[in-house]
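Here, each number is a calculation from the coordinates, and none is a lab measurement. Just so it is clear, the structure is predicted and the values come from calculations on it, not from any experiment. Here the Cβ is made from the backbone with ideal geometry for all residues, glycine too, and neighbour counts use every protein chain on show.
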Amino acid sequence: MNLERRPRRLRASAAMRSLVREHDVRVSSLVQPLFVADDRQPKGEISSMPGIARHSVEGAVAEARALHALGINAVMLFGIPDHKDAEASSAHDPHGVVQRTIRALKRDVPGLVVIADLCNCEYTDHGHCGILDERGDVDNDATLELLGRIALSYAEAGVDVVAPSDMMDGRIGYLRTILDASGYTAIALMSYAAKFASAFYGPFREAADSTPQFGDRRSYQMDPPNGREAVREAILDLEEGADIVMVKPALAYLDLVRAVREISDVPVACYNVSGEYAMVKAAARNGWIDEDRIVDEMLVSFVRAGADVIVTYFAKAFAERSRTKSPNA
Ligand code: PBG
């Protein structure tokens, strides 16, 4: 028996553990996603995501104000439009639900960073992330043009960060060029660089009404077993000028958060997605797990893996709890 080394010495008390703790989750690094529903769309709690609601524009502003007061620096907007068609035309409507929300937030909560998710799936009647070609596949280059129009409409509304989640090739370089050419050089691009075709998005699709009407997203989102390819996607986006690169989902992809952190000289984000949220909520409601402890453990695993920014539906609850929690618990 070799008992010269006793790591337990540093676990002996709460103060000792706190003294040597390696990582902390900072409320200031969390991003709360917000769903904003157009005038005729139902509002209120999403059944598979207890505690998360579809807001009206005014509701989103009130929620954002509360989040900002809790120390949260950023929200990420998802729109649920009244009108859907094959060309996602309401996505770039200057009076669209996201554009109106951006304007209202910049006016009423000016200290908050407003990030807008950039994708077409909530706006197309077929539910895919872009323009379809004659075979029913998403046409990459035609979709880029559309993404550019949407990004410009967000920029005109005053967005701080555009976050493309469509997974089209070349979109970061394309969007950077379009934004810069129109004078929007200060708008940052947060790229969903490694976004997987994941079953963890299930509840989101109910929330945002964006389930594909046929097929799936495997011809544009990544194949879950591929790690090297995730790094390659991140490198491409860095070369094209991404300001932040994201890995999504988070929990089942922590190895890739670490791998991307190691090759990236810009902040790395991870997206703790709807299915990850719903699983915790469901188990907690059954009394099977301790929700607060699970959330703390999940969020710190993202930090430990190397994430600088964490997009999570738990942001508000975590921030509320941080106010009252003793710092060396
Ligand atoms: C839009 C988009 C999705 C999510 C973020 N942006 C859905 C999808 O790709 O199907 C998922 C977020 C979540 O599950 O919380 N493309």
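Tabulated data for the structure shown
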{"item": "Residues with amide H under 5 Å from that of Leu34, placed H, sequence gap 5 or more", "result": "Met76, Leu77, Phe78"}
{"item": "Antiparallel bridge percentage (DSSP; both residues within the chain; nearest 5)", "result": "10"}
{"item": "Excluding exposed DSSP-loop GluC sites (Glu not before Pro) (at most 10 other C-beta within 10 Å), longest clean stretch of the chain", "result": "135-329"}
{"item": "Compactness index (Cα Rg / 2.2 N^0.38 Å), the chain", "result": "1.01"}
{"item": "Of the DSSP H helices in the chain, those whose Cα atoms cover at least 27 Å axially and whose Kyte score averages 0.5 or more", "result": "none"}
{"item": "Charge sum, other residues only, whose C-beta stays under 15 Å from Ala284's C-beta, Lys/Arg counted +1 and Asp/Glu -1", "result": "-2"}
{"item": "Cβ-placed point charges (K, R +1; D, E -1), dipole of the chain about Cα centre in debye, nearest 20", "result": "2020"}
{"item": "Student exercise, the stretch 181-329 dipole from Lys, Arg, Asp, Glu Cβ charges, in Debye to nearest 20", "result": "400"}
{"item": "Residue of Ala197, Ala242, Ala116 that the Gaussian network model of the chain assigns the largest fluctuation, springs spanning Cα pairs under 10 Å", "result": "Ala197"}
{"item": "Candidate lysines for bridging to Lys325, where Cα separation is under 26 Å - those fewer than 8 sequence places away on the same chain excluded", "result": "Lys281, Lys316"}
{"item": "Most mobile of Thr185, Thr312, Thr143 in a GNM of the chain (Cα contacts under 10 Å)", "result": "Thr185"}
{"item": "Where trypsin sites (Lys or Arg not before Pro) fall in DSSP loop in the stretch 31-67, at most 12 other Cβ within 10 Å", "result": "Arg40"}
{"item": "Rounded Å value of the spacing that divides the Cα centres of the stretch 208-246 and the stretch 1-28", "result": "37"}
